[in-house]
Amino acid sequence: MTKDLINSLAWGGGIVALALAAALARNLGYIDQETTMRIVLGATGLMVASFGDRIPKTFAPSAGARKAQRVAAWSMVLSGLVYAGAFILAPTMMTAMVIGCGAVILGLAVTFGYCLSLRNRAKAA
């Protein structure tokens, strides 16, 4: 198995284990439902940031592809950290959901827009 696949499986298994542990703590009365959701969704944001960190470490065949990788990596890392931070710090779950999901959507839009601009510049040249 490749290193990327092992890392992805480790993140997935870690989040499942974290969710099970949080559910057990909730069932035992140590934490409430909202805290359980905040823990799991915060970890999901950290996973997005981790995947974004790995993007520039993959092969890109051209300079334009490397530029797109850097923008994608930065936008995923930043949006993943904002997502995680929103679920950790926001006063309500609805606020956290709006801020977190908005950050991820904005990160995807920035990446998509940058890729389209690179494509348009390549066509013009």
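The values are calculated or read from the model by the stated rules, or taken from the named source; none is laboratory data. What you see is a predicted model, and the numbers here were worked out from it, not measured in a lab. When we count neighbours, we look across all protein chains shown, and the Cβ atoms used for this are built from the backbone with ideal geometry, even at glycine. Protein only, heavy atoms only, side chains kept; ligands, DNA and RNA dropped before computing areas. Shrake-Rupley method; radii C 1.70, N 1.55, O 1.52, S 1.80 Å.
A few notes on this one:
One line per residue, one yes/no per condition, for (1) under 30 Å from K123 (Cα atoms); (2) touching a Ser or Thr at 6+ places or on another chain (Cβ under 6 Å); (3) among the β-branched types (V, I, T):
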position: G14; (1), (2), (3): no, no, no
position: A21; (1), (2), (3): no, no, no
position: G29; (1), (2), (3): no, no, no
position: D32; (1), (2), (3): no, no, no
position: G52; (1), (2), (3): yes, no, no
position: T58; (1), (2), (3): yes, no, yes
position: R70; (1), (2), (3): yes, no, no
position: S75; (1), (2), (3): yes, yes, no
position: I105; (1), (2), (3): yes, no, yes
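Yes/no per residue for (1) among the hydrophobic types (A, V, I, L, M, F, W, C); (2) under 25 Å from P56 (Cα atoms); (3) without any contact (Cβ under 8 Å) to a residue 40 or more places away in the chain:
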residue	(1), (2), (3)
G80	no, yes, yes
A86	yes, no, no
M97	yes, no, yes
A103	yes, yes, yes
R119	no, yes, yes
A124	yes, no, yes
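- Of all residues in region 80-122, those that are of a type in the set (G, A, S) and farther than 21 Å from V40 by Cβ total 4.
- Helices (runs of 4 or more DSSP H) within region 28-125 that include 3 or more residues of a type outside the set (S, T, Y) and more than 28 Å from D4 (Cβ to Cβ): 33-54, 93-124
- Residue check, S50 open to solvent by less than 40 Å² (accessible area, probe 1.4 Å), out of contact with any Leu (no Cβ under 8 Å at 6 or more places or on another chain) and either closer than 25 Å to A109 by Cα or among the acidic types (D, E) (or both): yes
- Number of positions in region 55-69 that are of a type in the set (K, R) and either out of contact with any helix residue (DSSP H, G or I) (no Cβ under 7 Å at 6 or more places or on another chain) or surrounded by fewer than 14 Cβ atoms within 10 Å (Cβ to Cβ) (or both): 2
- Qualifying residues in region 1-27 (those that are in a helix (DSSP H, G or I) and among the β-branched types (V, I, T)) - the one nearest to D53 (Cα to Cα): I6
- Number of the exception - G100 against (1) within 27 Å of L9 (Cβ to Cβ); (2) open to solvent by 30 Å² or more (accessible area, probe 1.4 Å): (2)
- Answer residue from region 1-43, given it is open to solvent by 40 Å² or more (accessible area, probe 1.4 Å) and polar (S, T, N, Q) and is nearest to T111 (Cα to Cα) among those: S8
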